[in-house]
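Reading through the structure tokens given below for one structure.
The values are calculated or read from the model by the stated rules, or taken from the named source; none is laboratory data. None of the values given here were measured: they were computed from a predicted structure. Heads up, the Cβs are rebuilt from the backbone with ideal geometry, glycines too, and the neighbour counts pull from every protein chain shown.
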Amino acid sequence: MERRSLGKGINALIPEAQIGHKSGALNVQTGQIKPNPFQPRVEFDQESIEELAQSVKEKGVIQPLIVRQKGDYYELIAGERRLRAAQRLGLTEVPVVIKDVGDQDSLEIALIENVQREDLNAIEEAHAYKFLIEKYQLTQERIGEILGKARVSITNTLRLLSLPMEIQNEMKSGRLMFAHGRALLELTDENQQRRLAQEVISKSLSVRELENIIKRQRTRIKRNRVAAFVVDPYVAVMEEELQHALATKVRVVKRKKRGHIQIEFYSQEDLERIAGVIKGGQKT
């Protein structure tokens, strides 16, 4: 089957005349339609479904569902919210457009519809991208073409899957936004990511406020690292004297009044030799 760019939406796969109009659509029993196993959307807002059901009750299902035939039943490609609303109202039939497409196109169409309607949360969207990449070897550039998005947007969304699962779940629930997750990716410490994520939720922090906190923390860490590299002349002399006395590499780490000494050894015999020197019972 010829592959076409889908950046302009579902119309790139399905002629416009077949979308948004009942003309040319068939009515099928709702019981004959099964969910799309490639549906990228996992979370369905029940309040939103109820609102759609009220609209369907007043005006009917204006836009046909998109399905493909699978034996004696139909598999849903796009329109699960409309199907759920119709089922909630007890409707026995809904208008559909039947398309002869493969698994990949089925996922692409479902993804396009959800993304264009902004129905997917960022984590669902990232998992859909990952599935296309791993299952069908699509590149990020190709996914961008399909959705009419820049490649960097696909990359940033995929990066969210590297966040701790707790944070991903908060993004699914809507307690954290995509931009919050993207900001947290600036941190490499997962515990720090978790702590700041909870602070965002508990204090209702904006993305800008979170970014400012992260910026201050990174500045402080950088300042501490720079300070750690400033060598105290006294410490440098002590290191040199100890290295000479023990005949091995020695590092003295001093922080204010406290610190520690690191002494390297390279074998069991070397360790015993150094221990003997320290105890004063053996010469180098």
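Considering (1) in the same structural domain as Arg81 (by TED's automatic domain parsing); (2) closer than 30 Å to Leu52 by Cα; (3) assigned to a loop (DSSP other than H, G, I, E, B), the lone condition that Glu108 does not fulfil carries the number (3).
The rows are residues; the columns are (1) at pLDDT below 85; (2) crowded, with 16+ Cβ neighbours inside 10 Å; (3) under 29 Å from the mean Cα position of the chain (by Cα); (4) of a type in the set (Lys, Arg).
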{"residue": "Ser48", "(1), (2), (3), (4)": "yes, no, yes, no"}
{"residue": "Pro64", "(1), (2), (3), (4)": "no, yes, no, no"}
{"residue": "Tyr73", "(1), (2), (3), (4)": "no, no, no, no"}
{"residue": "Leu76", "(1), (2), (3), (4)": "no, yes, yes, no"}
{"residue": "Glu80", "(1), (2), (3), (4)": "yes, yes, yes, no"}
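The sole residue among Lys203, Lys215, Lys130 that is assigned by TED's automatic domain parsing to the domain that holds Phe38 and among the basic types (Lys, Arg) is Lys130. Residues that are in the same structural domain as Pro40 (by TED's automatic domain parsing), among the charged types (D, E, K, R) and under 28 Å from Ile213 (Cβ atoms) are absent from region 139-156.
Hey, can you tell me all the residues within region 245-269 that are modelled with pLDDT under 80 and part of a helix (DSSP H, G or I)? Answer for region 245-269, where residues must be modelled with pLDDT under 80 and part of a helix (DSSP H, G or I): there is none. Among the residues making up region 115-127, those that are modelled with pLDDT of 85 or more and either touching a strand residue (DSSP E or B) at 6+ places or on another chain (Cβ under 6 Å) or part of a helix (DSSP H, G or I) (or both) are Ala122, Ile123, Glu124, Glu125, Ala126, His127.
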